[in-house]
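The values are calculated or read from the model by the stated rules, or taken from the named source; none is laboratory data. Every value quoted in this text rests on a predicted model; they were computed, and no experiment measured them. Counting neighbours? That spans all protein chains shown, and the Cβs are built from the backbone with ideal geometry, glycine included. Accessible surface is based on the protein model in full, side chains and every heavy atom, while ligands, DNA and RNA are left aside. Shrake-Rupley method; radii C 1.70, N 1.55, O 1.52, S 1.80 Å.
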Amino acid sequence: MSRTTAAARPGRPVGARRSPMAAPRSFVWSRRIFLTLLTGFVLLPVYVMLSSSLKPLEDVSGEFRWLPSGLTIRPYIDIWSTVPLAKYFVNSLIVAGAATVLSVVIAIFAAYGVSRYRFRGKRLFTVTVLSTQMFPGILFLLPLFLIYVNIGNATGIALFGSRIGLILTYLTFSLPFSIWMLIGYFESVPRDLDEAAMVDGNGPLGALFRVVVPAAVPGIVAVAVYAFMTAWGEVLFASVMTNDTTRTLAVGLQGYATQNDVYWNQVMAASLVVSVPVVAGFLLLQRYLVAGLTAGAVK
């Protein structure tokens, strides 16, 4: 065996040169080191939460240890009795689910109308919808509070402190972005499909639900995930617009802190339990989510 053959790397032809388009080795290793550090930075809080949720309260309240001296699942049992976590869980599911469904349904009709029809003020409507995302949410807190209280005093419809009021509040935040995102996605669907559906005897609604919506499933899923996550983890409006009966999970976690002590192990355990629906949904729908965000952002 010649020296050239012996010195050749496995899998690379003898005498082959490195492609001029290939990234430098220094860049490759720098990228690997950066991604490794970034992964550790992301997973470190998860490890702290998980390890703290499996420790007794005395170990969590004392000096932090990376390796727990003892493990217990008692915090995962006590979280349901310390505060009414199950009731908060149901409230969050109802509020987030209803806000997601309404946001998706309204956004589909609005985006279809904007992407398929020409009307006066179309550009102004699109810009107005998108510009609402520039304002911070706290700016709308006092106006919504006064509106809900005045509506309740005038009509007897209790929006303040009710699930309906919280659903409408979350709808005002998720709907503008949902409309804007679906407009971009619907415009990527060829209009020839609509015309072909209408030739077959379908009206505008038939073309929407039989052709456009099936072709836009990734974008609709991305909108649904965004609307659900917006409502699921919101704290500011939920802390003001709810009471003991309608309180959601994001606010209910404050119940583990009392005047005398803070049940840190139960806080960590409850936080992990709260994140399960969002993480599970994201893992199941990530394929549609990535496709929807990519197609909705590029026309």
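Quick look at the numbers
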read-out: Residues that are open to solvent by 50 Å² or more (accessible area, probe 1.4 Å) and either of a type in the set (Asp, Glu) or not in a helix (DSSP H, G or I) (or both), drawn from the stretch 153-180; value: 156, 157, 158, 160
read-out: Residues of the stretch 33-73 satisfying the condition of being in contact with a helix residue (DSSP H, G or I) (Cβ under 8 Å, 6 or more places away or on another chain), assigned to a helix (DSSP H, G or I) and open to solvent by 80 Å² or more (accessible area, probe 1.4 Å); value: 50
read-out: Scan of the stretch 181-195 for residues that are open to solvent by 50 Å² or more (accessible area, probe 1.4 Å) and in a helix (DSSP H, G or I), ordered by number; value: 187, 188, 191, 192, 193, 195
read-out: Number of the exception - residue 130 against (1) at pLDDT below 90; (2) more than 20 Å from the chain's Cα centre (by Cα); (3) surrounded by 14 or more Cβ atoms within 10 Å (Cβ to Cβ); value: (2)
read-out: Among (1) open to solvent by 50 Å² or more (accessible area, probe 1.4 Å); (2) part of a helix (DSSP H, G or I); (3) touching a residue at least 12 places away in the same chain (Cβ under 8 Å) - the single one residue 150 does not satisfy; value: (3)
read-out: Every residue from the stretch 263-288 that is over 21 Å from the mean Cα position of the chain (by Cα) and touching a residue at least 40 places away in the same chain (Cβ under 8 Å); value: 263, 264, 265, 266
read-out: Residue match in the stretch 174-183 (condition: among the aliphatic types (A, V, I, L, M) and without any contact (Cβ under 8 Å) to a residue 60 or more places away in the chain); value: no
read-out: Selected residue [farther than 18 Å from residue 242 by Cβ, without any contact (Cβ under 8 Å) to a residue 24 or more places away in the chain and out of contact with any Cys (no Cβ under 9 Å at 6 or more places or on another chain)] from 124, 130; value: 124
read-out: Selected residue (criterion: farthest from residue 267 (Cα to Cα)) from residues of the stretch 76-98 that are open to solvent by 20 Å² or more (accessible area, probe 1.4 Å) and among the aliphatic types (A, V, I, L, M); value: 98
read-out: Helices (runs of 4 or more DSSP H) within the stretch 209-260 that include 2 or more residues open to solvent by 60 Å² or more (accessible area, probe 1.4 Å) and under 17 Å from residue 85 (Cβ atoms); value: none
read-out: Test result for residue 108, over 14 Å from residue 265 (Cα atoms), modelled with pLDDT of 90 or more and either part of a helix (DSSP H, G or I) or among the small types (Gly, Ala, Ser) (or both); value: yes
